[in-house]
Amino acid sequence: MLVQEIRTKFTEYFIKNGHNKVPSSSLIPNNDPSLLFTNAGMNQFKSFFTGKETPPHTRITSIQKCVRAGGKHNDLENVGMTARHHTFFEMLGNFSFGDYFKKEAIRLSWKFLTDELKIPESKLYVTVHHSDDEAFNIWKDDMGLSPDRIFRKGDKDNFWEMGEFGPCGTCSEIFYDHGQKYSTPDFIPSADQDILDDEMRYVEIWNLVFMQFEKTREGKINLPKPCVDTGAGLERLAAVCQEVYWNYDTDGFTPIIAEIEKSSGQKYTNPKYTSNMRIVADHIRSCTMLITDGVIPSNEGRGYVLRRIIRRAVKNMRDLGAPANSFYKLIHVVMESLGKEYKENMQNISLAEKFLELEERKFLETLEMGLKFLDAAIKSDIENGVLKGSVAFKLYDTYGFPLDLTEIILHEKGLSVDSKGFTSSMEERKADSRKSWKGSTGVDDKVFYDLKEKNGSTTFIGYENSLLDGAKLLGIVEIGNTFGLQFDRTPFYGESGGQAGDIGAITASGEVIAEITDTLKPISDLHIHIVEDASKLDIGKTYNLKIDSSLRESSASNHSATHLLQSALTSVLGDHVKQSGSSVSPERLRFDFTHTQAMTKEEIKKVETHVNHMILQSVEIENSVMTKDEAIKSGAIALFGEKYGDRVRVVKMGGLSTELCGGTHVHNTQNIKHFTIISESSLSTGIRRIDAVSGDVAIERLSKRSEILELIESKLTVKNSKTVERLDAIYNELKEKSREIKELKEKIQAGQSKEIFSTPEILNRGIKYISAAVAEGSDLRKMSDLFIDKYPDGIVLLYCTKNDKVSALLRAGKEAKGINCSNLLREGLAFLGGKGGGRPEMAQGSGMAGDLDQFASIIKKGLLAVLE
């Protein structure tokens, strides 16, 4: 029996049994912010169940299109891997709103399955709530089921709730037995299980929900008119009727899979490609139906979920070897199956084609490089089976990979991703302009890969040299409003490993040809020198390159200081400290590390002192190149998240620190001169951040702070530790004076209030009303408290001016019913060109200090109108 035949039989059967068929609602839920997508047949009838609306009919049937991807109900990861999970599916449902209840619902479902679909009774089992004797007896006595085919279950399986409060009730589920050969291997029911817990063999095909209670804050009460909500998955029923185990082997999917076979040249029967085809077949259905229902791919909300589904499908099409831009061509075969039932979607095919083609093309532009990047990251950025969050974020930010896609690819390899780290990088990206080449250039990696393929790698000689004569210019690329230059050799360090790129000059015959404002290292072994003007430069010619040595030395000092900082943090806090990220520039250093709590002042001081002690030891810094294995055996720390080649550079600072590092460093720890921590803060859960300075910058900072201290000492006429004592005394004195001033103000306000509030005006309903301008700086809220305490049925308008501004407050007592202060004050302040708002009982706002009498008059007129 084909899918369309099942739809037809279901509709005709329930119409014959007194139901009115209503069309499927949109996949975009109507007036239900709690739902991302329509995910059940009852969604569109929610207001009927809650009593907010009266249903047009007491018996209704529908075939509802549903999507479960994102939010609480998210089946995306399981799609293609199991026989029955889908992003898009169809839910057959029948509903009773105060008409029939358990007996009729059970009879209707059983007769449809056994009489209309001809499913053998011997293949069906049912469950009921353990307390629902009524349902159990209906199945046993009226339907004739043997008690050993009826299973009692607890709340988890057989009690349905719409939410924390609202309609709820027990349910009864019908299961189909696919047979012994599909049993879960070695499945033996435990004490709290039964045979139906073998989910591979027994499949739920229909759920009958008996909504007979309403859950309130006080408890559970009976509904005056019990309701019925049932749902049967069409795809599951089709698998039963067509005697197949996998939903994908029904005619709802086989035509799509056949088209995928044609497009890719692969066979569905080849186990290597079976899951890929199932994923694509499922996803083209959800993508087609979502777009034709008005969901447009984007980077937020429903659109983002849709984009994730599209990209997962495109990735699988690519794995199948299908030609580019093949995915959207599957739309027509989808609509051959779904178009008859969902005619409104059929009308929007061109919309789906346009967006799917565009999304596929855009994603394919970055997919190839993204996958290469991820393959490389899997080899070097995995620790304990987890990919670093910042790497996943780069996939998202640079290559357009949703986190979900990265998770799926990793899941297929038995790996996972640090999602907290990803979120942290996302927030940092929003807060700060990204420092890497991508953020400033907008140029795709392909430009640089092409440059390297054409001209070869850049030879870096900058560890020992700051000047190079005779560097050959090999290539020039445009990067926004600047130009990127590739030389065959360079002393310029390219931004990488957290260290900023060098700046300097290009000269020829003693003349400066161009200023290098930054140096990037967008891909391995390629240095790109950024200049604003390349008009005097010619490819093929040689030039002299000179870095700004002073800035380089500052960067080297800060970089060496980060190595000592990590060593000190490990010593003070423990060996759980691991570097999570760093940023080194001539001006400062930033070090992110794993630690679960804020450092104390004492710990910060200990770390700072420890680093300075190591600086004073005057340890020579040695650099050597060896294999990674040799480096690790020597005790070198390989930083989490860094990529290393077969041969690595090891930076050793005596017995203080040994790390794999490609950055530039000072020759001796004493060259760092001094180290000072500026701040310690939280970056994300479990990640702390230290900002610090070293070298001349640190010494200058200490000098300035010393000057400030001397200035304070001269003003206080004290020295050294007595300065703190004097400041404490001044602070305590100010604190006491502030308290006295506050008390005095309150007394003045109380006296002022007593005078103002002594003779209120009596309005309609006996409402007592005061409108008054009060002294500048008055606490309007506290003054209104005094008024309301005295007149619980009163209304007060208070306002004061400062310079050319007016602040106002309107408040009503609890016994002054029906007054909306927010609306009244907003109207009055609008006259003064201001704004206000708040709650009905109290509102505040401000405006320009204009005609305040007219302002007060507008509010009073509005109030009188309400009180009439």
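The values are calculated or read from the model by the stated rules, or taken from the named source; none is laboratory data. Note that the coordinates shown come from a computational prediction; the quantities given were computed from them, not determined experimentally. Every residue, glycine among them, receives a Cβ derived from its backbone with ideal geometry; neighbour counts consider all protein chains shown. Just so you know, the surface numbers come from the protein's heavy atoms only, side chains and all, with ligands and any DNA or RNA stripped out. Shrake-Rupley method; radii C 1.70, N 1.55, O 1.52, S 1.80 Å.
Figures for the structure shown
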item	result
Filtered GluC sites (Glu not before Pro), the range 52-156: DSSP coil and at most 16 other beta carbons within 10 Å	E53
Computed Rg/Rh of the range 206-246, alpha carbon atoms with Kirkwood Rh	1.31
For the range 363-429: rounded, prolate or oblate by the Cα gyration tensor [a/c cutoff 1.5]	oblate
Theoretical FRET efficiency, 1/(1+(r/R0)^6), r = Cβ-Cβ of R217 and D804, R0 51 Å, to 0.05	0.50
Mean Cβ neighbour count within 10 Å, used as a protection proxy, ranking 225-235, 541-551, 326-336 highest first	225-235, 326-336, 541-551
Karplus-derived 3J(HN,Hα), 6.51/-1.76/1.60, for each residue of the range 189-205, Hz, glycine and proline x	x, 7, 4, 9, 10, 9, 4, 6, 6, 7, 6, 6, 8, 9, 10, 5, 10
Highest-first arrangement of 185-192, 199-206, where packing means the average Cβ count within 10 Å	199-206, 185-192
Phi-based couplings in Hz for the range 741-756 (Karplus 6.51, -1.76, 1.60; Gly and Pro marked x)	5, 4, 5, 5, 4, 5, 5, 4, 5, 5, x, 5, 5, 4, 6, 5
Whole-number Å³ per residue for the convex hull built on Cα positions in the range 67-165	162 Å³
Solvent-accessible area, 1.4 Å probe, carbon plus sulfur percent, for the range 114-192	46 percent
Accessible area of E700 in the full protein assembly, 1.4 Å probe (Å², nearest 10)	100 Å²
Trypsin sites (Lys or Arg not before Pro) restricted to DSSP loop in the range 241-274 with at most 13 other C-beta within 10 Å	K267
Rg/Rh for the range 244-385, where both radii come from Cα atoms and Rh is the Kirkwood radius	1.00
Packing rank of 2-8, 388-394, where each peptide gets the mean count of other beta carbons within 10 Å, highest leading	388-394, 2-8
Per residue, the convex hull volume that the Cα atoms of the range 790-868 enclose (Å³)	77 Å³
For the range 239-329: accessible area per residue (Å², 1.4 Å)	34 Å²
Segment N384-A865, extension gain: residue separation times 0.36 nm, minus the distance between their alpha carbons	166.1 nm
Accessible area (Å², per residue) of the range 659-776, counting only protein heavy atoms and a probe of 1.4 Å	63 Å²
Projected-area mean, the range 495-598, by convex hull of Cα positions, square nanometres	8.6 nm²
Whole-number D in µm²/s for the chain (Stokes-Einstein; Kirkwood sum over Cα pairs; 37 °C, 0.692 mPa s)	96 µm²/s
The range 831-868 versus the range 86-109: alpha-carbon centroid distance in Å	55 Å
Amide H partners (placed H, <5 Å) of I119, local residues excluded	T114
Rounded to the nearest 10 Å², the accessible area of D575 at probe 1.4 Å	120 Å²
With all protein chains modelled, accessible area of C821 [1.4 Å, Å²]	0 Å²
Loop-located trypsin sites (Lys or Arg not before Pro) in the range 103-157 whose Cβ has at most 14 other Cβ within 10 Å (DSSP)	K118
Average accessible surface area per residue within the range 51-186, 1.4 Å rolling probe, Å²	43 Å²
Cα-derived Rg to Rh of the range 528-577, Kirkwood definition	1.32
The range 681-744-the range 649-675 distance, computed between alpha-carbon centres (Å)	33 Å
Tail weight of P(r) past 17 Å, computed on alpha-carbon pairs of the range 214-292, percent	61 percent
